[in-house]
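The values are calculated or read from the model by the stated rules, or taken from the named source; none is laboratory data. The structure displayed is predicted, hence computed values, not measured ones. We place every Cβ from the backbone using ideal geometry, glycine too, and count neighbours over all the protein chains shown. The accessibility values were calculated without ligands, DNA or RNA, using every heavy atom of the protein model including side chains. Shrake-Rupley method; radii C 1.70, N 1.55, O 1.52, S 1.80 Å.
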Amino acid sequence: MSVTLQECQVFILVKALPQRSKAHGETVCCAGITAYGEFKRLFPVRYRQLSGDQAFQRWDSVNFKYRLPTRDKRPESCHVMEETIEVVGRMPDRDKSAFLDQYISTSIAEAAKAGRSLALIKPSETHFSWRAKSAERVAKERARFTEAAKHKGFFDADLAAIEPTPYEFRFRFTDDSGPHDFANADWEAHAMFYNHLRRTGSHEATLQWMEEKFNGEYAQKGMLFCVGNVASRPNTWQLLGVLRVDQPAQPGLVFN
C-alpha cells in the first residue's frame, strides 16, 4: 500500500534530548511552527547523523516530507522522511517576537482545551533551579545514551555516547491557569551546561552562570516556553524548550 507524503516547511523551535528508538536507534524529537502558525512535531529524526544542509539548528527554516504516524494520533505529529530534510533559511532575530507573539496561548490549559498537544506560552514569575541527580540515575541515563548511540545503520557514522548532565534543570513558572514546576527537557540547556563547563572547568561557576542567564537575562529581556504533552499520557505536559525572545516592539507585525 502506497503512502501519500505531505510537504512542510517549519521554523525549528525545539530539539529535545536524544532518546533510544528500537526501530531507529538514537532519535531526537523536534518541534517547529509553519509560517501560518501550525505547530509540527518531527519524529523520528536521527539528528546526530545529519550533516550539510540537513543539520538544522533552532530558528532554521526547514523543508521536509512526512506521512501521518501510525501510532501517534496527536494532530501536530509528523513521521518525517529523514532524507528529505533540507535547511532553506533562518528566521532573522528582528522578526522572532512579532511572528511568534501571534501564536502564544495564555496557558497550557487553554492549549489542551483547544485539542492541541504543542503550544507556546509566555510564562510569568519564572524561576530556574537545578538539583543534583543521584549516581544511580546518572548511570541509568548513561546506559540509555550508550545503547542508543550503538544502534545504527550500515552507512551511518559512529557516534560517541552522550554524557548525561549530572543535574536536573527545572523551571517554576505561572501561566493564566496557575503555577507549574517542570523539568527542562531542552537539549540546549544540556549543551549550555557542558559548553560552559569546558570553558571554566567548574560545576559551581557553570551552574551560577546558568542561574544568572535564566533568572537574570532571560527573565528581564523576555522568553517563551514551548510545551507539549506526552502521547501515552495526554494530560501530562512537559517543558520542551526555552526560547530567548524579546518583547514585540510593535505588537501585531506579521512575519514575511
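Connecting C-alpha atoms closer than 10 Å in a GNM of the chain, tell me which of Ala111, Ala132, Ala98 has the biggest fluctuation.
Ala132
What relative contact order, as a whole-number percentage, does the stretch 46-172 give when Cα pairs under 8 Å and 6 or more residues apart are counted? Walk me through the numbers on the way to the answer.
Values: 135 pairs, mean separation 25.9, N = 127.
Relative contact order comes out at 20 percent.
If each DSSP helix of 4+ residues adds -39,500 (n - 2.57) and the sum is divided by the residues in the chain, what number results at 222 nm, nearest 500 deg cm²/dmol?
The helix contribution divided over the chain gives -6500 deg cm²/dmol.
Using the structure shown, select from Lys15/Lys140; Lys133/Lys213; Lys40/Lys133; Lys15/Lys73; Lys15/Lys133 the pairs with a Cα to Cα distance greater than 27 angstrom.
On the way: Lys15/Lys140 22 Å; Lys133/Lys213 21 Å; Lys40/Lys133 32 Å; Lys15/Lys73 20 Å; Lys15/Lys133 22 Å.
Correct reply: Lys40/Lys133.
Excluding same-chain residues fewer than 8 positions from Lys96, which lysines have a Cα within less than 17 Å of its Cα?
Qualifying lysines at Cα under 17 Å: Lys122, Lys221.
Skip the ligands, DNA and RNA, and give the accessible area per residue of the stretch 96-167 with a 1.4 Å probe, whole Å². Provide the component values of the computation, followed by the final result.
Working: 3970 Å² over 72 residues.
About 55 Å² of surface per residue is accessible.
Quote to one decimal, in nm, the extra length available between Glu217 and Gln102 on full extension: 0.36 nm per residue of separation minus the C-alpha distance between them. Write out the running numbers ahead of the final one.
Numbers: separation 115, 0.36 × 115 = 41.40 nm, distance 2.32 nm.
Gain in length upon complete extension: 39.1 nm.
I need the phi-derived Karplus couplings for the stretch 214-226: 6.51 cos²θ - 1.76 cosθ + 1.60, θ = phi - 60°, integer Hz, Gly and Pro marked x.
Couplings: 7, 7, x, 4, 5, 5, 7, 8, x, 8, 10, 10, 9 Hz.
For Cα Rg over 2.2 N^0.38 Å, pick the label among (i) 1.29; (ii) 1.14; (iii) 1.01 that corresponds to the value derived from the coordinates.
Correct label is (iii).
Could you sort Arg71, Arg131 by accessible area so the largest value comes first, with the probe set to 1.4 Å? Spell out each step's value before the answer.
Numbers: Arg71 215, Arg131 130 Å².
Result of the area sort, largest leading: Arg71, Arg131.
Of the chain, which part is the longest with no chymotrypsin sites (Phe, Trp or Tyr not before Pro) in a loop (DSSP not H, G, I, E, B) and with at most 12 other C-beta atoms within 10 angstrom?
Working: sites that count: Tyr36, Phe154, Phe155.
No qualifying site falls inside 37-153, the longest such stretch.
Once each part is reduced to its C-alpha centroid, what is the distance from the stretch 85-153 to the stretch 204-249 in angstrom?
Centre-to-centre distance over Cα atoms comes out at 8 Å.
Describe numerically, in nm with one decimal, the distance between label points set 7 Å from Cα along Cα→Cβ at Thr146 and at Arg131.
2.7
Of Leu197, Leu224, Leu13, which has the largest mean-square fluctuation in a 10 Å C-alpha GNM of the chain?
Largest GNM mean-square fluctuation: Leu197.
State, to one decimal in nm, how far the label point of Asp176 lies from the label point of Ala139, with both points 7 Å from Cα in the Cβ direction.
Inter-label distance under the simple model: 4.8 nm.
Taking all protein chains in place and a 1.4 Å probe, what share, in percent, of the accessible surface of the chain do carbon and sulfur account for?
Values: 6620 of 13510 Å².
Ligands and nucleic acids excluded, carbon and sulfur give 49 percent.
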